Protein chains: 2
Amino acid sequence: MNRSADEALRARALKVIPNGMYGHESTRLLPALYPQFFSKAEGAYIWDADGNRYLDFMCAYGPSLLGYRDERVEAAARAQTALGDTLTGPSPLLVDLAETLVEMVDHADWAIFCKNGTDATTMAMSVARAQTGRKVVLLAAGAYHGAAPWCTPIPAGVVPEDRAHLRYYTYNDVESLEKAVTEAGDDLAAIFASPFKHDAFIDQELPDPAYARRARELCDAAGAKLIVDEVRAGFRLARGSSWTSLGVQPDLSAWGKCFANGHPISALLGNDSCRDGAGQIYATGSFWLSAVPMAAAIETLRIIRETDYLEHTVHLGNRWREGLDAAAARHGYALRQSGPVQMPQILFAEDPDFRTGYAWGEEMLKRGVYVHPWHNMFLCAAMTDADIDFALEAAEAAFAALKARQPSLEPHPVLVAMFGAH
Amino acid sequence: MNRSADEALRARALKVIPNGMYGHESTRLLPALYPQFFSKAEGAYIWDADGNRYLDFMCAYGPSLLGYRDERVEAAARAQTALGDTLTGPSPLLVDLAETLVEMVDHADWAIFCKNGTDATTMAMSVARAQTGRKVVLLAAGAYHGAAPWCTPIPAGVVPEDRAHLRYYTYNDVESLEKAVTEAGDDLAAIFASPFKHDAFIDQELPDPAYARRARELCDAAGAKLIVDEVRAGFRLARGSSWTSLGVQPDLSAWGKCFANGHPISALLGNDSCRDGAGQIYATGSFWLSAVPMAAAIETLRIIRETDYLEHTVHLGNRWREGLDAAAARHGYALRQSGPVQMPQILFAEDPDFRTGYAWGEEMLKRGVYVHPWHNMFLCAAMTDADIDFALEAAEAAFAALKARQPSLEPHPVLVAMFGAH
């Protein structure tokens, strides 16, 4: 594998970007072989700066739902680009898009559009507080809701007061949720929940329906607001609210990543019980009303409604999960595959310091498949059965290569520093 | 003026968007005649949803620096769109863009890119705190630094702790700044400053060089960081840091709005004294590394370096300011024009409840010129001398029409509610 362009870029980046890269797409916590820079993408594939091609199971960490550069979405974006993007006011598409989402998402009576997922989760918190006149917000411990001072998982540069009224419960644990609600007393503004537990580095958990229903009941009893953070999972589990299948409707939901298939837009949706609070807060951004991402979103949402994108990714995800388990077993490995098949987390059993998962990731990468050793992955609708065949062939060879390397594997030094020695 | 499409859109929006619109582009605080929705833009002009055309002195509240849909920038964006936008990692353009800004902005040794101006100002605060290990941040009272809980100008939905370690001083007032620094004691992390005072509803103030230099000295003496918030004014006063002309270099600067001519990207720039702190914080977003806005930024910055865009807007701004003063005087009005001519604030003398300014705005709008009655405006490089001639002709007629309406003017009811009766 040629790596020279990536290495040259990393050397330049180190001079003009802190640590050479920042945020969730930094490769600092990935195996050394993983490329940092990508030059091109099409459908289910990405090309790194050296021209190596990969079947991409990260999908830009979520935004690519239909595949990169989906021509239907890009045509809609181009048509709007010819009219205008960031203007002195919103385009009529803003109303079309809000109506579309209100129609598609059961609980939603209104929408506010923004740019980052963090914008939407932060507004959800503010709307709940404005609406209820209360302060305490409950979060599942370890859940990711963005990177603002109140929620960033690495609290360098934040002050303790940024989390003054936040309290934590254990996801799927009704008792811990009830305890946190009791402790909040009459100051409970909101409960945050992810559609399923998709924390990094650990097994994923589907939501226990009893937990979801109890969260709703507790909010109703307390006059608090239930917030579902759909930023990562939205439209990957359902064509509307992810908890509709559980019979639970939130008051507020935060959306981002994929509903414009990679164009930058996120949204806060809410029901009428929060409309006054939403009308009180002031939140805005220079590019929040840009029209091109709205055109892309409207077309993406049409495709979501009218095609089998979801069933297709579930079909492929099942093949991928079953095929991987079988291939692993043939080479003496056991996998911990968790979460929805279309958003899989793939960890190795008996791999506490991730050394096996990291090495397997490298072997997959060498064979043209980009998998992640500790973050949930994403399938996109542009993937085909032939792509899964290709990925499973790569996996077969990667497990064999892994077996040969196993005795000499070492844990990744940054992980050791993070989690301590084993 | 036909308004039927805008009215129909407003009625629909009221159902699916809180208050029918949110944020700085809501027309709730503008004269009733102002359209909410815009369908098209080209160069210096925007068209509302009813097809009425306006010479746009708002430039999307800043993002349009060169004019809407500048073909040079759009060609660069299109070329990158054909390769990819939001991928699983950054494109090599990230490094090119960081190098470009480090080259152009004197104090900058590194860059972090994001989406909202608020992302950049919030990171600036976090980096200063991470770097210094201190908490107190000083802000000029009334200055706008974004819409997150720590800085939103309308604090509905925020809690007092969101501003726990923020202290306020008076812009351009050395004594008040020194007092605030003294009170911060050994816990001073940073001083925020705008390049000039561009608060809404009041006259703008250019920076007193003594204030800027004293802010630098106080930071140096205290080991704190000086942060200049260039989001609104960046690249409209200079081809680099706005305070270079005062001989003052900040440690950190936040940029947004116009450096990709309307494509969504913002940036935090910093010097080496803050590199460690910047490397410690975790801040990220799904679309922060998207490549198309970076391609647009690189081309916009090339145009900034290689053309007379700045001198051109200063020339037009001087003509606009002088011509307006003369026209106003001919009709018995006196204007309070403040700030840089290319970012003018235009208020009326003896107009405490803005009734005169609002009516003049309406008369300008009727004549095809979009001005703002209380927010600073922006000129763009696509404007021509002929456009200024057109705007001044409109102004002449608007002052005459205003004179006729003057006895019957009433203040805007929302402003009365905000500021109290007069």
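All of the numbers you see were taken from the coordinates with simple rules; none came from a lab. Keep in mind that what you see is a predicted model, and the values were worked out from it rather than measured. When we count neighbours, we look across all protein chains shown, and the Cβ atoms used for this are built from the backbone with ideal geometry, even at glycine.
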Problem set entry | Set of lysines with alpha-carbon distance to B:LYS403 below 29 Å, sequence-local pairs under 8 removed | B:LYS366
Problem set entry | Relative contact order [Cα under 8 Å, 6+ residues apart], region A:71-306, whole percent | 33 percent
Exercise. DSSP beta bridges in chain A, what fraction antiparallel, as a percent rounded to 5?
Worked result: 60 percent
Seminar exercise, completed: Once the in-chain neighbours fewer than 8 apart are removed, the aspartates and glutamates whose Cα is under 17 Å from A:LYS40 read A:ASP6, A:GLU25, A:ASP48, A:ASP50, A:ASP56, A:ASP70, A:GLU71, A:GLU74, B:ASP85, B:ASP96
For this session: Enumerate the amide H contacts of B:LEU87 below 5 Å, restricted to partners 5 or more residues apart or on another chain; note that Pro and chain-start residues carry no placed amide H.
Result: B:ALA291
Seminar exercise, completed: Rounded to the nearest 5, the percent of DSSP beta bridges in the protein assembly as shown running antiparallel is 60 percent
Exercise. Which of the GluC sites (Glu not before Pro) across region A:347-394 are loop residues per DSSP, with 16 or fewer other Cβ within 10 Å?
Worked result: A:GLU350
Seminar exercise, completed: In terms of the charge dipole of region B:283-335, which places +1 on Lys and Arg and -1 on Asp and Glu at the beta carbon, the residue among B:ALA291, B:TYR309, B:ALA326 farthest towards the positive end is B:ALA326
Exercise. Shielding of B:36-43 by partners, i.e. mean partner chain Cβ atoms within 10 Å per residue?
Worked result: 6
Problem set entry | Sequence-distant lysines (8 or more away, or on other chains) whose Cα lies within less than 29 Å of B:LYS135 | A:LYS15, A:LYS115, A:LYS135, B:LYS115, B:LYS179, B:LYS197, B:LYS225, B:LYS257
Exercise. Put the label 7 Å from Cα along Cα→Cβ for B:PRO153; what are its distances to the other copies, in nanometres, shortest first?
Worked result: 3.7
Exercise. Using Cα pairs under 8 angstrom and six or more residues apart, how large is the relative contact order of chain B, in percent?
Worked result: 22 percent
Problem set entry | Label distances, nm, B:ALA164 versus same residue in remaining copies, Cβ-directed 7 Å point | 0.7
Exercise. Counting Lys and Arg as +1 and Asp and Glu as -1, each charge on the Cβ, what is the dipole of region A:92-192 about the Cα centre in debye, to the nearest 20?
Worked result: 420 debye
For this session: Compute the length gained on full extension between A:GLU311 and A:ALA141: take 0.36 nm times their separation in residues and subtract their Cα-Cα distance, giving the result in nm to one decimal.
Result: 58.1 nm
For this session: Give me the distance in nm between label points sitting 7 Å out from Cα along the Cα-to-Cβ direction at B:ARG239 and B:ARG72, one decimal.
Result: 1.1 nm
Problem set entry | Exam field: B:GLU217 pseudo-label spacings to other copies (7 Å along Cα-Cβ), nanometres | 6.8
Seminar exercise, completed: Expected integer from the mean partner chain Cβ neighbour count at 10 Å over A:56-62 is 4
Problem set entry | Long-range amide H partners of A:LEU138 with built H, under 5 Å | A:ARG167, A:ALA190, A:ILE191, A:PHE192
For this session: Taking 7 Å along the Cα-to-C-beta vector as the label spot, tell me the A:ALA82-A:ASP187 distance in nanometres, rounded to one decimal.
Result: 5.7 nm
For this session: Please get the size of the charge dipole for region B:9-120, origin at its Cα centre, with Cβ charges of +1 on Lys and Arg and -1 on Asp and Glu, quoted in debye to the nearest 20.
Result: 860 debye
Seminar exercise, completed: Under the helix-only model (-39500 (n - 2.57) for each DSSP H run of 4 or more, divided by the residues of chain A), the mean residue ellipticity at 222 nm, to 500 deg cm²/dmol, is -12000 deg cm²/dmol
For this session: Would you mind working out the magnitude of the charge dipole of the protein assembly as shown relative to its Cα centre, with +1 at each Lys and Arg C-beta and -1 at each Asp and Glu C-beta, to the nearest 20 Debye?
Result: 100 debye
Exercise. Put +1 on the Cβ of every Lys and Arg and -1 on every Asp and Glu Cβ in the protein assembly as shown; which of B:TYR34, A:ALA386, A:MET21 then has its Cα farthest towards the positive end of the dipole?
Worked result: A:MET21
For this session: Please work out how much length the chain gains when fully extended from B:ARG53 to B:ARG302, using 0.36 nm per residue of separation minus the C-alpha to C-alpha distance, in nm with one decimal.
Result: 86.6 nm
Problem set entry | Inter-label distance for A:ASP220 and A:THR384, nm, one decimal - labels placed 7 Å from Cα along Cα-to-Cβ | 4.9 nm
